[in-house]
1. Counting just the Cα atoms, what span does the stretch 300-431 cover along each of its three principal axes? Round to the nearest Å and put the largest first.
2. Between Arg217 and Leu285, what is the spin-label point distance in nm, taking each point 7 Å from the Cα along the Cα→C-beta axis?
3. With 18 Å as the cut-off, how large is the P(r) tail for the stretch 385-432, expressed as percent of Cα-Cα pairs?
4. Ordered by residue, what ³J(HN,Hα) values in Hz, to whole numbers, does the stretch 124-140 give under the Karplus form 6.51 cos²θ - 1.76 cosθ + 1.60, where θ = phi - 60° and Gly and Pro are x?
5. Pairs of Cα atoms under 8 Å, at least six residues apart: use those to get the relative contact order of the chain, whole percent.
6. Within the set Lys28/Lys192; Lys222/Lys341; Lys68/Lys237; Lys32/Lys107; Lys182/Lys216; Lys28/Lys216, which residue pairs have Cα atoms separated by over 20 Å?
7. With a cut-off of 8 Å between alpha carbons and a minimum separation of six or more residues, what is the relative contact order of the stretch 192-236 in percent?
8. What spacing in nm lies between the two simple spin-label points modelled at Arg17 and Glu357, each 7 Å away from Cα in the Cβ direction?
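Here, each number is a calculation from the coordinates, and none is a lab measurement. Predicted model only: the values in this text are computed from it and were never measured. FYI the Cβ positions are ideal-geometry reconstructions off the backbone, even for glycines, and counts take in every protein chain you see.
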Amino acid sequence: MCRTYEEAVNYILDIPRFTKKNDTSHTKAFLKFLGDPQEDLKILHVAGTNGKGSVCAYLDAMLRAEGKHTGLFTSPHLVRMNERIVLDGVQIKDESFCQVFEEVLSKVGEMQDAGMPHPTFFEFLFGMAMLAFRNAGMEYAVVETGLGGRLDATNAVEHPLVTVITSIGMDHMEYLGDTIGKIAQEKAGIIKPGVPVFYAQTCEESDCVIRHTAEKRHSFCKKIGKDAYEILGIEDKHIAFSCMNAYYGNTTWKLNNIGVYQPGNALLAMEAMRFLFGETGHPGLWRQALAEVKWAGRMEEILPDVYVDGAHNISAVEAFAQSVPENAEGNVILFSAVQDKEYREMIACLCRNVQAELYVVAQIGDGRAADAAALGRLFEEYTDRPVVVKETVEDAFRYAIKNQRGRTVYCLGSLYLTGEIKGLIREVKRKC
């Protein structure tokens, strides 16, 4: 039975209702039913708390600049599920999505006939991505972990070319642990014996865990320190930086983003590329490719002086605050969060570190959403500026835009919020 795109998406969204978490041995068995498509791909595996998606986007862009055919698997999606599966820089088409969905679903039926559990939501999409990449003849695949690393479905990949670990922060503590060290241990679980790992300096506690894991697995390990680059300035919505490494010479690198954390993400990806390609690489092409990368939902300008940022944990909000330029006119902050995040700390950080004249709080349309009225009361504890609570994201966004008045609007606190706002913009553009 051939399903429509909408039917395929609805089936995948419904999976959490009838299956449970599976371990990586189940994912390996699932991939085997699919013909082990991952074995035909050169995989770059990326984990971390913040910056994973950006690093993946940078790797994908530089690989394509080298003339390689690439698949990119990331999560979550913001508006449409196709965002998770990208082939040569283009989101998978609806028709191809349906074709690979049917192929995977057929194999899932065989699994269940053999007495095996149905794949989880994330496993199913991961299997679809691997199959889509192989079917399309991709050579490389850049794969982002979903949650953690050690127990993540993507860790069923046994022979990646390289592993990359971005900055570590306090997030998903109910699953990953309540200290930076414990969380780092889960992220470091993607390090495979003999496979090189590149990681972003975070703090000694997490750095030590990654180093020791790499030593135990006899893997080459390189830290990308915070002193490995210098930010030269932000101009015309671009951030410029230089690298403290003779390999890159005196070149000025530019990113199409104003996040002060992005040069570190870019350099992390650059160093992985440098390892893979050595003297045969073309840094000049990488420079051009990086300057053109636009990663949705990460300090993304969606309207003039209106930004959405996916910051949804305290370390990401701290990085966001560092990226907001001083503005004599002040700013408008639109915020929402889900229940399992440290939203009090996030709100306190925003009020302390970002100059704002107005705070707008939205109720996101998700079952995990924190109560907007409660969030509003927290803002009132930390600021004497006006705080307005709206019952929907659409109402909140319209109110923020109406009251922009020459100021910059920043929308953050939840990826659900980012997705809903981008969906609103997309719908308006579609009707125009």
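1. Its Cα atoms span 40, 37, 24 Å along the three principal axes.
2. Taking the simple label geometry, Arg217 and Leu285 are separated by 2.9 nm.
3. Distances greater than 18 Å cover 32 percent of the Cα pairs.
4. After applying 6.51 cos²θ - 1.76 cosθ + 1.60, I find 4, 5, 4, x, 4, 4, 4, 5, 4, 5, 5, 4, 8, x, 5, 9, 10 Hz.
5. Result for the chain is 15 percent.
6. Long pairs (Cα-Cα over 20 Å): Lys222/Lys341; Lys68/Lys237; Lys28/Lys216.
7. 48 percent
8. Result: 4.8 nm between the two label points.
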